[in-house]
Amino acid sequence: MGNSYQERLSAWADDELGGFETRRMTDEVLKSEALRSRLKHYQLIGSAIRDEPAVALDQSFSDRVMAEIAALPEEEQWDLGMETEVSATDDSRRGVSWLKVLAGGAIAASVALISLTVLKSIHSLSGVEQPLAPQPVADVTDIKPLHDNTVAGTVASMPPSDLAKPVSSPSIAPQAVKPIPPAMQGSANARLLGGYLATHAEHAARRTMLPRARIMGFDIPVDEEP
Amino acid sequence: MSRVLLVLLLLLVATQSYSAVADDREAVSRLLEKMASASQSLNYTGTFTFVNGDKSWTMQIVHGFDKQGEREYLSTIAGELRKVYRDDHSLISVIPDKELLLVEKSATERSAADVFDRQFSTQSDYYDYYLDGVEDIAGYTCQVVSIVPRDSHRFGYRLCLEAETGLLLKSQVVDKAGQPKEQLIFNRLELPEKTPDIHFSTAEYDWLPDAAGGAGEPADNTLDLLPRWQLGWLPPGFEVKQDKTRVVAGSRSAVRHIVLDDGVAAISVFIKQPLNGERYHASREHSGALNTLMSIKQGFVLAVIGEVPDTTITAIHAGLKLAP
Amino acid sequence: MSKGHENTARSSDEELIKRVKAGERQAFDILVGKYQSKIITLVSRYVKDPHQALDVSQEAFVKAYKGLATFRGDSAFYTWLYRIAINTAKNHLVAEGRRQPDSAIDVQDAEQYADYHELKDTATPESMLLSEEIKLTVSSAIKHLPEDLKIAITLRELEGLTYEAIAEAMDCPIGTVRSRIFRAREAIGKVLAPLLN
């Protein structure tokens, strides 16, 4: 096995060969035990570099999977030309809708979590018992928009996740409630990234208004707390 | 045409183009110096549009410079409400739609920001500098300056500077192919003698503590390990201009901040060790010219942020290593 | 950038799937090898017990094998596989009478930026030992690599960059990137071989 041949295997492992070469190398890999063994080493090296968990590096895992597949009844074997739909289909289809529902739930949960954090923060910082009940979503819509949101095509270009955000936004706009303490809002990641952006703008970027404009235009992702 | 004549002609063209570049560099340098001074020391108010990918923001800027120092108020006037207040002592970013309010209050920290010159430099060997004609923007005539990168590790800039004051009226950051990554353009600009104080009032935020509890100097038990992180590969031309541990809004523990600079573009590397209970996850964000990459490595949160291509950010991030 | 990688990744996956459907079971073994660590990591975020996580992951792969008839290639193979894995993990939790996790795991997040810290604590001592030894060996081998090989392999494996993106980052031709990544793998593989044999 020459070096250039092995180099092609390495590129194949990275899906970096062209269509024809990919087909040819796939043939070779399927024929050669040595190539497959080398490929496994490449995959293992990748996992180790990515510091993947110990359990994920289990060397006998694929053997067990293949043994179970070999033990499947004949009608479930591909070498018999199986074309019947099986339970995994339903599982995977259900999986899609389940994920969608869960994602929607996660957004709502994150909004609720943030609101709660905000209220707790105001409560603990003021040192006074303030009867601050959470704003019901219906009330939020009663607050007049402070700014014209129709300009600049932002809504049209917004990803679906962004479209969900205004539900929570007005409830914490400075004019709507008392300002809330720093380092206690948004997700940990959003807080940290926001702080880093501000620090970069102030202490590293060039002395123009551009860095501040960038902070304002930066789409810090809103994600749920772990 | 004889060969000798051809050589002479080529030499003449080469000499002319060399001197043209040299002239441009010098002229550009003067304009950029003017710009740095103008954006800091002039009183100006206006509105501009900031286009970032498929989003755009119309913003109002009020900038003042008087005995109280430099003060600035920036607010969106269309799109989601966002505000930034900035003076010599504090920086307050209000980003309600992201549930964020970031406050940095530390005179020591902020004055230390100027330990290196943060003006655009024309001394870099990694860019070419050209004067590219004039344009009319917001009723002013401005001189176009092109800063063209010589490799793919950085972006290019096309700036338009008001002829008399040097104020930046238009800015485009472009990628290697010349495609704009972000653009800022003034729609309206006024240069009053004085800007009213009312614009700079941050009274509604005065009761807030600093993001790090008002502490001037970071003091926690995570400091020992931060210096052990080392930079690996750096794009040619980039040098470490600042390396200090500081208080950063949004972080309860101290953050090591390394600033890399090539004279035009700046990159920040942030390293922090999360405190007990703090959970972060990796993320990669792009916004116009700004790229960020944050990851968790060996128990530390590493982030690289800068107005450079994503590949440059990624390569610098990949080179970060913890010395034994 | 990682997106580019995902797009090109389809070609070899599709090629392998075609072979599986043609009866070459070995092709599925290669797919298992390719996605095993990502699937186990993903499942382990739901199923904390490492032995059970391995079983559930195994079940997910077998389901995928049996369900390949319905895989039309509209989405990437790994996306389809991940959905099966998540669903299998969820069903496992329901069967166990345990509370389902209350947050969704983003497929791409799980693939690229999974939080491994919790998993490290729950791995079995024996697998932990070998894996840690492998990691230490790889880490030490990387340290001894020439700088250009080190950067190339790290950008590829850690950041998931395409060869084109790496070439841009390192300012060199794509062919050089391909060669550097191969040489890095071979050098690390040599050090690793005694451990695996």
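The values are calculated or read from the model by the stated rules, or taken from the named source; none is laboratory data. Just so it is clear, the structure is predicted and the values come from calculations on it, not from any experiment. Neighbour counts are summed over all protein chains in view; Cβ atoms, including those assigned to glycine, are modelled from backbone coordinates with ideal geometry. Heavy atoms of the whole protein, side chains included, go into the accessibility calculation; ligands, DNA and RNA do not. Shrake-Rupley method; radii C 1.70, N 1.55, O 1.52, S 1.80 Å.
Sorted from longest to shortest, the spans of the Cα atoms of region B:218-281 along the three principal axes equal 39, 24, 22 Å.
Residues in region B:294-299 carry Karplus couplings, in order, of 10, 8, 10, 9, 6, x Hz; the curve used is 6.51 cos²θ - 1.76 cosθ + 1.60 with θ = phi - 60°, and Gly or Pro positions show x.
Averaged over its residues, how many other protein chain Cβ atoms are within 10 Å of peptide B:302-310's Cβ atoms?
Working: counts 0, 5, 1, 8, 3, 7, 0, 4, 6.
Shielding by partners across B:302-310 averages 4.
Taking amide H atoms as placed 1.01 Å from N in the peptide plane, the amide H of B:GLN242 lies under 5 Å from those of B:VAL259, each 5 or more residues away in sequence or on another chain. Between chains A and C, what is the buried accessible area summed over both chains (1.4 Å probe, protein heavy atoms, nearest 100 Å²)? The buried area between A and C, both sides summed, comes to about 7300 Å². The mean count of C-beta atoms from other chains within 10 Å of the C-beta of residues in C:164-177, rounded to a whole number, is 4.
Dimensions of region B:226-322 along the principal axes, based on C-alpha atoms and rounded to the nearest Å, stand at 38, 26, 23, largest first. Shown in residue order for region A:15-25 are the 3J(HN,Hα) couplings computed by the Karplus curve 6.51 cos²θ - 1.76 cosθ + 1.60 at θ = phi - 60°: 6, 10, 9, x, x, 5, 5, 4, 4, 5, 5 Hz (x for Gly and Pro). In terms of distances greater than 26 angstrom between alpha carbons, the cross-link table entries A:LYS40/C:LYS143; B:LYS55/C:LYS150; C:LYS38/C:LYS135; B:LYS241/C:LYS135; C:LYS34/C:LYS63 yield B:LYS55/C:LYS150; B:LYS241/C:LYS135.
Summed over both chains, the area buried between A and B is near 7100 Å², taken from the accessible surface of protein heavy atoms with a 1.4 Å probe.
Burial of accessible area (probe 1.4 Å, heavy atoms of protein chains only) in region A:1-41, relative to its chain alone, reaches at least 50 Å² for A:GLU7, A:ASP14, A:ASP15, A:GLU16, A:LEU30, A:ARG36, A:HIS41.
Chain B packed on chain C takes about 1600 Å² of accessible surface away from a 1.4 Å probe, both sides summed.
For B:THR141, the residues whose modelled amide H falls within less than 5 Å of its own, excluding neighbours fewer than 5 places apart on the same chain, are B:ALA163. In whole angstrom, how far apart do the alpha carbon centroids of region A:8-28 and region B:255-271 sit? Cα centres, region A:8-28 to region B:255-271: 39 Å. The residues of region A:3-76 have, on average, 41 Å² of accessible surface per residue, using a 1.4 Å probe with all protein chains present.
Backbone geometry of region B:30-44 corresponds, through the Karplus equation with coefficients 6.51, -1.76 and 1.60 at θ = phi - 60°, to 3J(HN,Hα) couplings of 4, 5, 5, 4, 4, 4, 4, 5, 5, 5, 9, 9, 8, 8, 8 Hz, x marking Gly and Pro. Dividing the mean sequence gap of close Cα pairs (under 8 Å, 6+ apart) by how many residues region B:226-322 holds gives a relative contact order of 27 percent.
Take every residue in peptide B:252-262, count the Cβ atoms of other chains within 10 Å of its Cβ, and give the average of those counts.
Numbers: counts 4, 0, 0, 4, 0, 5, 1, 5, 1, 3, 0.
Mean shielding by partner chains, rounded to a whole number: 2.
Probe radius 1.4 Å, ligands and nucleic acids ignored: give me the carbon and sulfur share of the accessible area of region A:3-76 as a rounded percent.
Whole-percent figure for carbon plus sulfur exposure: 47.
Volume per residue for region A:3-76 equals 125 cubic angstrom (convex hull of Cα atoms).
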